[in-house]
Amino acid sequence: MLVSSLLFFVAITVILGGAAVFTNGVEWLGRRLGISDGAIGSILAGIATALPETLIPVIAIFGGTGKAETEIGVGAILGAPLMLSTLTIPLLAGFLLILGTMRRRAGSFELDYHSVRLDLRVFLISYSVALAVALLPLPQIRYAAAVGLLLIYIWYVKIHLASGTVNEMEIGPLLFSRGRSQPATSMIVIQALVGLGLMASGAQMFVHVIKDTALGLGISPLMLSLLIAPVATELPEAMNSFFWVYQKKDTLAVGNITGAMVFQGTFPVAIGLVGTSWKLDTASLISLTLPLFACFLFFALTSLKSRWQPGVLILPIFLYAGYMVYLSLR
């Protein structure tokens with residue numbers, strides 16, 4: 001058990017380290033290709049930070065040889081939206097309330113609500129498709145839905161690019177060429193490839209560790225992956241949002257989460273629809289449904305009240321807690 005725990009932390013360290021190397025390289029590659037800061041920040045860097053939790057189901061589903069690997073992949077796909085919607089956002093709202101009580105800042109969110117509504121609307125549509133297909137997982141429907149989800153994400157990216165928003169994003173020195181203000185293009189590409197390789201290797205190790213641990217403890221690999229994978233891979237992004245709330249950068253804090261949810265509700269789900277039968281058991285269906293309930297509440301607040309009320313945003317944490325209790329009794 002000790003060996004498995006050590007290997008788990010090694011795998012997560014390799015995945016997150018690879019993500020840092022890859023993201024830095026991709027940002028420099030985008031700048032070198034003349035892509036705008038807005039595109040680099042919203043698309044390239046956004047996808048790069050989501051790659052750790054995306055590569056786990058890719059490696060598990062397409063690189064695995066049995067049912068356990070498939071369950072690990074499905075658990076990783078369903079776990080990220082569940083954690084972000086029913087745990088991360090409520091905790092962020094609670095953190096804001098604490099800061100307001102301490103008079104460190106105003107106790108309410110100051111957001112670009114148009115952008116938040118777009119993110120939530122796209123996620124609700126995409127994840128509703130995932131739920132509908134789970135209820136009727138015929139091959140033709142699965143493949144058509146997978147293509148549809150990818151098209152939805154492409155449309156979403158085009159909408160964001162058409163908004164004309166420009167990020168004045170500062171890019172740190174290239175990690176593989178810190179001494180040069182303008183690193184060679186070859187070095188940028190090498191760093192991006194090395195980062196991608198590290199993430200893939202870490203994801204492969206993670207899948208094996210989860211499989212061996214689940215079999216050793218007699219626990220479903222799907223459940224173990226659903227609970228552990230998102231906590232480990234989403235933690236850096238979640239911490240970024242907490243720092244941004246403290247710095248009164250609410251739009252960045254919330255957009256970091258809702259944007260990640262849009263990606264997680266489209267691309268990884270499309271992988272699951274193509275690579276698995278998408279025949280989900282009761283626990284998996286519940287984990288897919290809970291983010292829809294939470295995000296419907298968020299969307300209603302945004303549309304009807306035109307303001308996020310932190311006291312209300314905390315409520316979905318009871319969905320997460322209830323689900324944990326259900327899994328423990330199951």
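Taken across region 51-59, residues that are under 18 Å from residue 241 (Cα atoms) and charged (D, E, K, R) do occur, with at least one present.
Would you say residue 223 is open to solvent by less than 70 Å² (accessible area, probe 1.4 Å), at pLDDT 80 or above and more than 25 Å from residue 113 (Cα to Cα)? Against the criterion (open to solvent by less than 70 Å² (accessible area, probe 1.4 Å), at pLDDT 80 or above and more than 25 Å from residue 113 (Cα to Cα)), residue 223 does not qualify.
Any residue at all in region 187-195 that is open to solvent by 70 Å² or more (accessible area, probe 1.4 Å) and either more than 23 Å from residue 326 (Cβ to Cβ) or among the acidic types (Asp, Glu) (or both)? Yes, that holds for at least one residue. Would you call residue 10 under 22 Å from the mean Cα position of the chain (by Cα), surrounded by fewer than 17 Cβ atoms within 10 Å (Cβ to Cβ) and either at pLDDT 75 or above or over 21 Å from residue 178 (Cα atoms) (or both)? Criteria met by residue 10. Flag: residue 286 matches the condition of being assigned to a helix (DSSP H, G or I) and either among the aliphatic types (A, V, I, L, M) or touching a residue at least 24 places away in the same chain (Cβ under 8 Å) (or both).
Filtered by the rule that a residue be closer than 15 Å to residue 254 by Cβ and open to solvent by 30 Å² or more (accessible area, probe 1.4 Å), region 116-159 gives 117, 121. With respect to being at pLDDT 80 or above and either in contact with a helix residue (DSSP H, G or I) (Cβ under 8 Å, 6 or more places away or on another chain) or within 17 Å of residue 273 (Cα to Cα) (or both), residue 72 fits the description. Apart from one condition, residue 229 fits all of (1) over 21 Å from residue 122 (Cα atoms); (2) of a type in the set (Gly, Ala, Ser); (3) surrounded by fewer than 23 Cβ atoms within 10 Å (Cβ to Cβ); the exception is (3).
If you go through region 262-314 and keep only what is among the basic types (Lys, Arg) and either farther than 29 Å from residue 66 by Cα or at pLDDT 95 or above (or both), you end up with 305, 307. The residue of region 99-115 that is most open to solvent (accessible area, probe 1.4 Å), among those that are among the hydroxyl-bearing types (Ser, Thr, Tyr) and part of a helix (DSSP H, G or I), is 101. One residue alone among 293, 263 is open to solvent by less than 70 Å² (accessible area, probe 1.4 Å) and assigned to a helix (DSSP H, G or I), and that residue is 263. Quick check, is residue 329 without any contact (Cβ under 8 Å) to a residue 40 or more places away in the chain and either open to solvent by less than 80 Å² (accessible area, probe 1.4 Å) or touching a Lys or Arg at 6+ places or on another chain (Cβ under 8 Å) (or both)? Against the criterion (without any contact (Cβ under 8 Å) to a residue 40 or more places away in the chain and either open to solvent by less than 80 Å² (accessible area, probe 1.4 Å) or touching a Lys or Arg at 6+ places or on another chain (Cβ under 8 Å) (or both)), residue 329 does not qualify.
Check region 78-98 and report whether any residue there is in contact with a Gly (Cβ under 8 Å, 6 or more places away or on another chain) and open to solvent by 30 Å² or more (accessible area, probe 1.4 Å). So far as region 78-98 goes, yes, one or more of its residues are in contact with a Gly (Cβ under 8 Å, 6 or more places away or on another chain) and open to solvent by 30 Å² or more (accessible area, probe 1.4 Å). Here residue 190 passes the criteria (1) at pLDDT 85 or above; (2) out of contact with any helix residue (DSSP H, G or I) (no Cβ under 7 Å at 6 or more places or on another chain) except the one numbered (2).
You will find that of 61, 40, 35, the residue that is modelled with pLDDT under 65, more than 14 Å from residue 201 (Cβ to Cβ) and assigned to a helix (DSSP H, G or I) is 40 and no other.
The values are calculated or read from the model by the stated rules, or taken from the named source; none is laboratory data. All values derive from a computational prediction rather than experimental measurement. Every residue, glycine as well, gets a Cβ built from its backbone with ideal geometry; the counts of neighbours run over all protein chains shown. Areas reflect the complete protein model, heavy atoms only, side chains present, ligands, DNA and RNA absent. Shrake-Rupley method; radii C 1.70, N 1.55, O 1.52, S 1.80 Å.
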